[in-house]
Amino acid sequence: MNESSLPLIIEAEELAQALPEKNLLLVTVCGPQVYLAHHVPGSLLIQPGELVSGIEPATGKLPSAKRLSELFSRVGLTSDRHVVAIDDEGGGWAGRLIWTLDVLGHQRYSFLNGGVLAWAGAGLPLESGNREGKARPFEARIDRSPIADMQQVLEQLDDPESIVWDARSAEEYAGVRVTARRNGHIPGAVNLDWLELMDRHRDLRLRPLEELRERLAELGIEPGRKIITHCQTHHRSGLSYFVGKALDLDIRAYDGSWSEWGNAGDTPVEN
């Protein structure tokens, strides 16, 4: 999973101590204005839109290999560099980055717990302005094993060994909130809002993993089952995917998510 001495989930103080390490690649996924105002020193910007295809209706699907090659060449990713994934919103985009790295077969990464909020909350210095990394050639090769497509989701509907984790809000899951042509949830899916994975009183850091393990087991999300997670565009489910990885669960992400499922004319929907 994580081929480095750095932990999979790294705290701000631990990262500050590791920063002299030259082989670290710090990446902040956020809007450009937020990044320009303040970011962890040395981190490079990836905008959220660079991690998604942007093609309607399923705008959150994986970008093309060409786009991913250009993106990760720009930030200087190489097979020996250890990526630290950072965001400013509790882990959705950082998790999406980690899922993307898994798709690229790059297993050297850590998740900054609480992101830039936890960094600032620990009293550590922030940097402002733009920073350009040293570009290096990178050729994206897509491993589809972390990805579930619509057909694979359909095929698991009657499989007792599989389960869908819907990381959207309870209102979206119930079909009360309208986000697509058809609203509700995938039959048999269980709902745990991505916001429930973070402690909103502790700089949006993850809740303790054992607490999350117990909560997920109550829903049937547990070892021995094949788990597919999604949200509306596989942004929020970036965090649920990462939590599944951190708990060593067999988890994939449906990047088409509800924007594809709910806008298709023939997919089954419960509400």
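The values are calculated or read from the model by the stated rules, or taken from the named source; none is laboratory data. Treat the numbers as computed from the prediction; the structure is a model and nothing was measured. As a convention, Cβ positions derive from the backbone with ideal geometry for all residues, glycine included, and neighbour counts pool all protein chains shown.
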In this structure, is Gly133 among the small types (Gly, Ala, Ser), over 30 Å from Gly262 (Cβ atoms) and modelled with pLDDT under 95?
-> yes
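Checking the condition acidic (Asp, Glu), over 18 Å from the mean Cα position of the chain (by Cα) and closer than 23 Å to Asp199 by Cα, which residue from Glu21, Glu13 passes? Step through it out loud before you land on a result.
On the way: Glu21 fails: closer than 23 Å to Asp199 by Cα.
After applying the criteria, what remains is Glu13.
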From Gly244, Gly238, grab the single residue that is in the same structural domain as Arg182 (by TED's automatic domain parsing), touching a strand residue (DSSP E or B) at 6+ places or on another chain (Cβ under 7 Å), at pLDDT 95 or above and not acidic (Asp, Glu).
-> Gly244
If you go through the stretch 96-112 one residue at a time, do you hit one that is in the same structural domain as Glu13 (by TED's automatic domain parsing), touching a residue at least 60 places away in the same chain (Cβ under 8 Å), under 27 Å from Ser259 (Cβ atoms) and part of a strand (DSSP E or B)?
-> yes
Select from the stretch 130-153 the residues that are assigned to a loop (DSSP other than H, G, I, E, B) and hydrophobic (A, V, I, L, M, F, W, C) and write down the one among them that is surrounded by the most Cβ atoms within 10 Å (Cβ to Cβ).
-> Ala140
So is Arg131 out of contact with any helix residue (DSSP H, G or I) (no Cβ under 7 Å at 6 or more places or on another chain) and under 19 Å from Lys22 (Cβ atoms) or not?
-> yes
Would you tally the residues in the stretch 1-34 being touching a residue at least 24 places away in the same chain (Cβ under 8 Å) and more than 26 Å from Asp248 (Cβ to Cβ)?
-> 4
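Return yes when Leu44 is touching a Gly at 6+ places or on another chain (Cβ under 6 Å) and either at pLDDT 95 or above or over 17 Å from Ala94 (Cβ atoms) (or both) and no when it is not.
Details: touching a Gly at 6+ places or on another chain (Cβ under 6 Å): yes; either at pLDDT 95 or above or over 17 Å from Ala94 (Cβ atoms) (or both): yes.
It is true that Leu44 is touching a Gly at 6+ places or on another chain (Cβ under 6 Å) and either at pLDDT 95 or above or over 17 Å from Ala94 (Cβ atoms) (or both).
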